[in-house]
Amino acid sequence: MADGLGDVLVDQAAIESEVARLGVQISGDYTDKRLHIVSVLKGSALFVADLMRALSVPATIDFISIVPYAEVSASGVVRIKKDLDDPIEGRDVLVVEGICASGLTLSYLLRNFETRNPASLRVCAFLAKRRHEPRQVQLDYIGREIPDVFVVGYGLDREERYRNLPYIARLA
Ligand code: IMP
Ligand code: MG
C-alpha cells in the first residue's frame, strides 16, 4: 500500500466488475445511437479508458479539462482550461466523470453543454458520494456510491498524487 493511505474502498476486482456492468448497461442503451463520450480530465482518464473497452457499441471520444468547482470561488462558474475539440451539436453525448461530490461541477458542465444542442446528454460517474444535501445533478450511470470521505486512486488525486493506484482508497 502506498504511504499516506487508509482503507481500500473499491479494490481492483470490484473496479473491474463495476466497469464491466456499466459497459453492458451503456451499450444496451446506445445500440441505435452514435455514442460520443466526453471525458472530464483528469480524474476520469483511467476509468474512461477501461469503460471504452467494455463497450460493445462504437464510440467516439473527446476531452474537456476544467478547474473543479471546489477550487473556484463561490461564483458557481467552472473555468474551462481545455475545451472540447469537436462540436457536440446533434450528437448523443455521454459525459464521463471520475467522481461526483456535490454535483456542482457536473451541473455547470451540463448547462454549458446543453447550450451546444446535443441530440441527447447523459452523465456517468464512476463514484458518487452519499451526502446529506441532494446532489446538484442527476446521474444516469453510477459505478459505486461511497461515503462522503476524500478518496484517491484510479485517476483521482490529492494534489496530483495517487492517480496511478489501481484501486480506490481513503487518505489516512
Ligand atoms: P463536486 O463539484 O462537488 O461534485 O466536485 C467534483 C470534483 O471535485 C471532482 O471532479 C474532483 O475533481 C473533486 N473531488 C471531489 N471529491 C473528491 C475526492 O474524494 N477525491 C478526489 N477528488 C475529489
Ligand atoms: Mg483533483
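The values are calculated or read from the model by the stated rules, or taken from the named source; none is laboratory data. These numbers were taken from a predicted model, which means no experiment stands behind them. Virtual Cβ from ideal backbone geometry, glycine too; neighbours counted across all protein chains shown.
With the requirement that a residue be at pLDDT below 95, assigned to a strand (DSSP E or B) and surrounded by fewer than 14 Cβ atoms within 10 Å (Cβ to Cβ), what does segment 53-84 give you?
Scanning segment 53-84 gives a single hit, LYS81.
Name the residue that is farthest from the chain's Cα centre (by Cα), counting only residues in segment 92-107 that are assigned to a strand (DSSP E or B) and near ligand 1 (Cβ under 8 Å from one of its atoms). Talk me through it step by step, then tell me what you get.
Restricting attention to segment 92-107, the residues satisfying the condition of being assigned to a strand (DSSP E or B) are 92-100.
If we keep only those that are near ligand 1 (Cβ under 8 Å from one of its atoms) too, we end up with 97-100.
Values: GLU97: 1, GLY98: 3, ILE99: 5, CYS100: 7 Å.
Selected residue: CYS100.
Report, by residue number, each residue of segment 13-25 that is loosely packed, with under 14 Cβ neighbours inside 10 Å and under 16 Å from GLY153 (Cβ atoms).
ALA13, GLU16
Considering only residues that are loosely packed, with under 15 Cβ neighbours inside 10 Å and under 16 Å from the mean Cα position of the chain (by Cα), which ones fall in segment 26-52?
Correct list: ALA49 only.
In segment 6-49, which residues are part of a helix (DSSP H, G or I) and within 16 Å of ligand 1 (Cβ to nearest atom)? Even if it seems obvious, please write down each step before you answer.
Step one: filter segment 6-49 for residues part of a helix (DSSP H, G or I), giving 12-29, 45-49.
ILE15, ALA45, LEU46, PHE47, VAL48, listed by residue number.
Read through the list (1) away from ligand 1 (no atom under 12 Å from the Cβ); (2) over 24 Å from VAL19 (Cα atoms), then give the number of the only condition that PHE63 fails.
The number of the failed condition is (2).
Pick out the one residue from ALA2, ALA13 that is under 29 Å from ARG170 (Cβ atoms) and in contact with a Lys or Arg (Cβ under 9 Å, 6 or more places away or on another chain).
Working: ALA13 fails: in contact with a Lys or Arg (Cβ under 9 Å, 6 or more places away or on another chain).
From the options ALA2, ALA13, the qualifying one is ALA2.
Quick check, is TYR108 crowded, with 16+ Cβ neighbours inside 10 Å and modelled with pLDDT under 95?
Values: crowded, with 16+ Cβ neighbours inside 10 Å: yes; modelled with pLDDT under 95: yes.
Judged against the criteria, TYR108 is a match.
For the list (1) within 9 Å of ligand 1 (Cβ to nearest atom); (2) surrounded by fewer than 12 Cβ atoms within 10 Å (Cβ to Cβ), I need the number of the one condition that PRO87 fails.
Tallying (1) within 9 Å of ligand 1 (Cβ to nearest atom); (2) surrounded by fewer than 12 Cβ atoms within 10 Å (Cβ to Cβ), PRO87 fails exactly one: (1).
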